[in-house]
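Notes follow the structure.
The values are calculated or read from the model by the stated rules, or taken from the named source; none is laboratory data. Since this is a predicted model, take the numbers as computed values, not measurements. Note that each Cβ is placed from the backbone with ideal geometry, even for glycine, and that neighbours are counted across all protein chains shown.
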Amino acid sequence: MDLFSNLLKEGRVPRALGTAVAGALTDAGVRRGDRLVVAVSGGVDSMVLLDVLVRLASRLDLRLHVAHIHHGLRGRSADRDAALVSTEAARYALPVSVERLTAATRTRGTSVQAWARAARYAGLEVIRREVRAAWILTAHNRNDQAETVLLNLLRGAGPRGLAGIPTVRERILRPLLTVSRAEIEGYAAARGVRFREDPSNRSVAYRRNRIRRQLLPMLTREYNPRIAEALAALAAEAREDDDALTSQAAALGATAVRARSRAVGVSVRALSAAPPAVARRLFQEAFRRATGGEHGLTRRHLAALALLAARGGDVLLPGGLRAWVSATYVWIGPGARATPHRHSPDARASGRGARPAVGLQTGRWVAWEPGRCSVRVRRATGGDLRLGRRDPCREIMHAKVLAEPLGLRSWRAGDRFRPLGLRGRKKLQDFFVDEKIPREARARVPLLVAGDRIAWVVGHRIADEFRWRGERAACVAEVRFAEGRDGIPAGSDAAVGR
């Protein structure tokens, strides 16, 4: 830290930002001569980070390489961002790489925000490897951390979600994570740092922007003027706790978690002996191995998995997966190929052609019958609410349906639900009779389930408890077909393929 301290004493770097960046570089193990890829969007945060690093680089023998990811989403505005970054890199006499993306690479069912984030980090990693850099540096700050913690909290995340954004993840380093946005903006004003504002950051159409522009200011004004700092401190403590528990789970998982064909299993004996916090992380590790990540796995899914280990049965999971129990393992694998345990609810599916249950992830199409029928549940937009219900292949539902693990399954003997508009519950078998669905076609009608409740007999009727009453928060459930629709009423599904 001597070199960093000297720079601060000389006044070449303002103390708050200099201390933060210096400490982060030291803690991460950045060494003399390291090449660093600096991710620069053109916004105030990344332009300030670049300026601070330039002032530190010569004395610390750091080699900087500027990287800009052009997402191709904002037309000329994005072009001007790229031009500013290139101009400033040239002014600092630094090499620059501009990676241009195309939205054509976005897979169907993936949100623009999720695609842009994944593509951005993938592009930065490509640049890092090309220039043989040791690290990628991004300009996330303390306010970003607070927003992320609140966002995850509202989604129902557990301790891992409350840990927010890590300072270091693999080869990614975020040296401004302890610095407030106000300090960054103050630095930019004092140093005359040039930057551009992304117009989309002002839109409240995105949940993160609503948290940034509405919720956090309200909490700051009415509850705690230092709420962002408090949330960042919570994230740091939650990460320390999570790291310790994850290390304990990893040691246990070396023998307790195993792969078999396309499924990953967790030892029932290990689960029964482990504390609940460690058991949850064993499930997270199994899900990660089965999918390559943890996207969509919520606290509710983990609670359902814990009950599954104790009682048997099966559980629907995001990404078209399900979990089931054998004599010695809880298995996680593709829903369409899972073999139900003899006590599984799917073992009681009624009718010829009954299909195994599959899990649903919000916003993604999931095949009920590959090549024929797919179903999706997504958050409703203002346009959806104005359009209303126009055909049986598209339903607007109360947002509370998203609070439960979602899945698709065939009907079972004894199924009941309360059809929209009726006062009491009705046997699903009787409902099928009323709808004139032939006995041989009933098992092919997908049921959208929220937890253990039927939310939609797809193409026919939603459950009254999930009806939309005009609230701003709602969701859309939709089905699309490639060919004939056994058990589904005729009607246009043009609206569902968007």
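How about region 173-214: which of its residues are within 20 Å of the chain's Cα centre (by Cα) and either crowded, with 18+ Cβ neighbours inside 10 Å or not assigned by TED's automatic domain parsing to the domain that holds Thr26 (or both)? Passing the criteria: Arg174, Ile211, Arg212. Residue-level check: of (1) under 21 Å from Ala188 (Cβ atoms); (2) surrounded by fewer than 14 Cβ atoms within 10 Å (Cβ to Cβ); (3) of a type in the set (D, E, K, R); (4) under 30 Å from the mean Cα position of the chain (by Cα), Asp81 misses just (2).
Residues checked against (1) in contact with a helix residue (DSSP H, G or I) (Cβ under 8 Å, 6 or more places away or on another chain); (2) among the aliphatic types (A, V, I, L, M); (3) modelled with pLDDT of 85 or more:
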{"position": "Thr87", "(1), (2), (3)": "no, no, yes"}
{"position": "Val98", "(1), (2), (3)": "yes, yes, yes"}
{"position": "Arg106", "(1), (2), (3)": "yes, no, no"}
{"position": "Ala116", "(1), (2), (3)": "no, yes, no"}
{"position": "Leu124", "(1), (2), (3)": "no, yes, yes"}
{"position": "Val131", "(1), (2), (3)": "no, yes, yes"}
{"position": "Thr148", "(1), (2), (3)": "yes, no, yes"}
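Does region 151-163 contain any residue that is more than 20 Å from the chain's Cα centre (by Cα), surrounded by fewer than 23 Cβ atoms within 10 Å (Cβ to Cβ) and either small (Gly, Ala, Ser) or under 28 Å from Pro276 (Cβ atoms) (or both)? Scanning region 151-163 turns up no residue that is more than 20 Å from the chain's Cα centre (by Cα), surrounded by fewer than 23 Cβ atoms within 10 Å (Cβ to Cβ) and either small (Gly, Ala, Ser) or under 28 Å from Pro276 (Cβ atoms) (or both).
With the condition kept exactly as written, say whether any residue in region 111-130 is out of contact with any Lys or Arg (no Cβ under 9 Å at 6 or more places or on another chain), of a type in the set (Phe, Trp, Tyr) and surrounded by 14 or more Cβ atoms within 10 Å (Cβ to Cβ). Scanning region 111-130, I find at least one residue that is out of contact with any Lys or Arg (no Cβ under 9 Å at 6 or more places or on another chain), of a type in the set (Phe, Trp, Tyr) and surrounded by 14 or more Cβ atoms within 10 Å (Cβ to Cβ), so the answer is yes.
With respect to (1) among the hydroxyl-bearing types (Ser, Thr, Tyr); (2) under 24 Å from Thr102 (Cα atoms); (3) without any contact (Cβ under 8 Å) to a residue 40 or more places away in the chain, the lone exception for Ser58 is condition (2). Determine which member of the set Phe481, Phe466 is of a type in the set (Phe, Trp, Tyr), at pLDDT below 90 and in the same structural domain as Val366 (by TED's automatic domain parsing). From the options Phe481, Phe466, the qualifying one is Phe481. Taken residue by residue, region 421-440 has no member that is closer than 23 Å to Arg378 by Cα and not assigned by TED's automatic domain parsing to the domain that holds Arg300. Among the residues making up region 456-469, a single one is of a type in the set (Gly, Ala, Ser) and in contact (Cβ under 8 Å) with a residue 60 or more places away in the chain: Gly459.
The residue that is modelled with the lowest pLDDT, counting only those in region 416-460 that are among the small types (Gly, Ala, Ser) and in contact with a Leu (Cβ under 9 Å, 6 or more places away or on another chain), is Gly451.
When you scan region 400-455, how many residues do you find that are in a strand (DSSP E or B) and either among the acidic types (Asp, Glu) or without any contact (Cβ under 8 Å) to a residue 40 or more places away in the chain (or both)? So the count comes out to 5.
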